[in-house]
Amino acid sequence: MGHVRTGLHISLVKLGSAQRICAIWSVRGSGTDPCEFPGALLRPRRGAEQDWAVETALEAMAAHGAGDGPACVDLTTTADGIAPAGIRPGLCASDLLGLARTALGEDQREWAELARADPAAFRGAAARPYAMCRQAARLVTRDPDGPRRETTLLHARQDRVLHDYAVGLLTSAGTPAGKSAGPSAATPAGPADATAGEETRPSHPRRQ
């Protein structure tokens, strides 16, 4: 599957005319393996761009005769809008899959299993949009003379994740970012803590 330098990455599960959109990521850069990007920011399920992206992804899958089961679709952003860049059957990469589960309380693997084990329950629940319990992002950066670093950003507050993600992108691009992300920044390979006193409520696929 081709990679995009700037675009969207959608993981989903398809069963006939029913689809579960499991995660929508804004992605930057290109990786050597499918579903792996130097920058990935989890997006809310609903929004004008997300709805357009999902419609475009489903149309691309239909045009390619994609079958049932889990799949990922890459979309690239162009001057004319969002365009398909590639489709890959199967589960998303483990890093994004695990981060989605932590942030959403569910993941693509669970929905794929529900579709296999209880198609009626899947069809009844698939259209329900996912809810972000926490904001999430992942960055792979390399200092000019330093080692490769993998950083997970996970927090209940969207502004903290967006700030740290933007700083990480600027740093990885070699652009001075001003002050560092400070105490809100996640440590390499470890998530930032959720806001104290703020409860998260994961929403798992349910059999109905």
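Please treat every number below as a calculation from the coordinates, not as lab data. Owing to the predicted nature of the structure, the values given are computational and were not obtained by experimental measurement. Cβ placement follows ideal geometry from the backbone for every residue including glycine, while neighbour counts extend to all protein chains displayed.
Details
- For peptides 85-94, 56-65, sequence by mean Cβ density within 10 Å, most packed first: 85-94, 56-65
- Separation in nanometres of the label points that stand 7 Å from Cα toward Cβ, at A83 and A131: 3.9
- Of the trypsin sites (Lys or Arg not before Pro) found in the range 1-71, the ones in coil according to DSSP and having at most 13 other Cβ atoms within 10 Å of their Cβ are R5, R46.
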